[in-house]
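K.L.:
Before anything else, here's the structure in question.
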Amino acid sequence: MGSYILSLSPMAKHPYRTRELGVDIYTAEELCYYIYHNFVVVDDDFISRELFEFLEDELKLGDHVAHIRKYIEDKPSMELTLLFILREFRFYNETELHEFQIRYEEFKRNGTAMRRLLKADFLLEHGYVLGALNMYHYFDYAKKDLTLQPDFIFKVRQHMAVAYIRLGLNTEAMEAFKSAWQEQQNEEILKQIFRFSLFSGVPMPQEILQSLDAVKEQQWRAEFEEAKTQAYLFASTGSTAAIFTKDAVRRKDLLDEYIGRKKKEYRKAIL
């Protein structure tokens, strides 16, 4: 679907706030859009009394709710329930619903632990950093599960470090990187840790520093200096310099846009 939702159903005066992402929903079309794009974080308790009351009382869609209630009496899977809801409100065509089902089935084929990690990654990607961190930390207690391989825990710790970086908690990020290194020692994570240390000023743990040979250190440091130089050049020329020649009304929006762009470049340079 496009960026704008064409609303055919009534619009609620009081929105329904989703539990997973805290998104306010005002129409049936927005509910469908939310399901279609965020099914990764939709759990069994999504189909709730509060949701039905919203559809009935706020949107006056009692007939549709009756159809859904009747359908779930046989306790179908969440996948089929969500598909039924999407079909009930006819916001997506059958081709799009087929694509949704394929994506859902691909997600479902993962084991329980991987689905949890994918949910955490989804939250992190969409800016729900604290929620992602809570899910990553779940594996602090689940690590004794022998079915969780070192490469899986490595990913958890690596992604946890990214979450801490986005919160500006650099010491905690380095601890997470160190934990990832202890699970799996490879050049990828070593380079990430080295770059992060240069950006943040947080010293690399001694045990990791000892694994960095002089040739790699020189090469990666040169790459870092080059990236920093390019960032400075960009900041003093072109569109960035134009920010300060704009009127005061537009300047804040332009600065916010610039800062957001630099944050993305910062994370990309590290990772």
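K.L.:
I need the phi-derived Karplus couplings for region 179-187: 6.51 cos²θ - 1.76 cosθ + 1.60, θ = phi - 60°, integer Hz, Gly and Pro marked x.
P.N.:
Per-residue couplings from phi come out as 5, 4, 4, 5, 7, 7, 9, 9, 5 Hz.
K.L.:
What does the charge add up to near residue 56, with Lys and Arg as +1, Asp and Glu as -1, over the other residues with Cβ less than 13 Å from its Cβ? Write down the numbers at each step before the final one.
P.N.:
Numbers: positive: 49, 60, 69; negative: 50, 53, 57, 58, 63.
Once positives and negatives cancel, what remains is -2.
K.L.:
Expected output is a single nm value to one decimal: the length gained when fully extending between residue 200 and residue 53, i.e. 0.36 nm times separation in residues minus the C-alpha distance. What is it?
P.N.:
Details: separation 147, 0.36 × 147 = 52.92 nm, distance 4.91 nm.
Stretched fully, the residue 200-residue 53 segment lengthens by 48.0 nm.
K.L.:
I need the calculated FRET efficiency for the pair residue 207 and residue 38, taking r as the beta carbon distance and R₀ as 30 Å, to the nearest 0.05.
P.N.:
On the way: r = 40 Å, r/R0 = 1.34.
E(calc), rounded to 0.05, equals 0.15.
K.L.:
Express in nm, to one decimal, how much length is gained between residue 182 and residue 215 on full extension, taking 0.36 nm for each residue of separation and deducting their alpha carbon distance.
P.N.:
Details: separation 33, 0.36 × 33 = 11.88 nm, distance 2.27 nm.
Stretched fully, the residue 182-residue 215 segment lengthens by 9.6 nm.
K.L.:
Under a 5 Å amide H to amide H cut-off, with H placed in plane at 1.01 Å, what residues pair with residue 25 once short-range neighbours are removed?
P.N.:
Placed amide hydrogens put 16, 17, 18 under 5 Å from residue 25.
K.L.:
Give me the percent of Cα-Cα pairs in region 42-146 that sit more than 16 Å apart, rounded to a whole number. All intermediate terms of the calculation are to be shown ahead of the outcome.
P.N.:
Numbers: 3727 of 5460 pairs.
Taking all Cα-Cα pairs of region 42-146, the fraction more than 16 Å apart is 68 percent.
K.L.:
With labels modelled as points extended 7 Å from the Cα through the Cβ direction, what inter-label distance (nm, one decimal) is found for residue 11 paired with residue 103?
P.N.:
Roughly 2.5 nm, to one decimal.
K.L.:
Give a quick list of GluC sites (Glu not before Pro) in region 23-88 that DSSP marks as loop, anything other than H, G, I, E or B, with at most 15 other Cβ atoms within 10 Å. Show your work: numbers first, answer last.
P.N.:
Numbers: sites: 29, 30, 50, 53, 56, 58, 73, 79, 88; in loops: 73.
Answer in residue order: 73.
K.L.:
Right, another one. Calculate the FRET efficiency for residue 90 and residue 130 from the Cβ-Cβ distance with a Förster distance of 45 Å, rounded to the nearest 0.05.
P.N.:
Numbers: r = 36 Å, r/R0 = 0.80.
It comes out at approximately 0.80.
K.L.:
Please state the relative contact order of region 16-108 as a whole percent: Cα pairs under 8 Å, 6+ residues apart?
P.N.:
Working: 52 pairs, mean separation 26.2, N = 93.
Over region 16-108, the number comes to 28 percent.
K.L.:
How charged is the neighbourhood of residue 41? Take every other residue with its Cβ under 13 Å from the Cβ of residue 41, and add Lys/Arg as +1 and Asp/Glu as -1. The partial results should precede the final answer.
P.N.:
On the way: positive: 19, 115, 116, 119; negative: 20, 43, 44, 45, 121, 125.
After counting each charged neighbour, the total is -2.
Quick note: the coordinates plus some simple rules give every number you see, no bench work behind them. Not measured: the values here are computed from a predicted model. For neighbour counting, all protein chains shown are included, and Cβ atoms are generated from backbone atoms with ideal geometry for every residue, glycine included.
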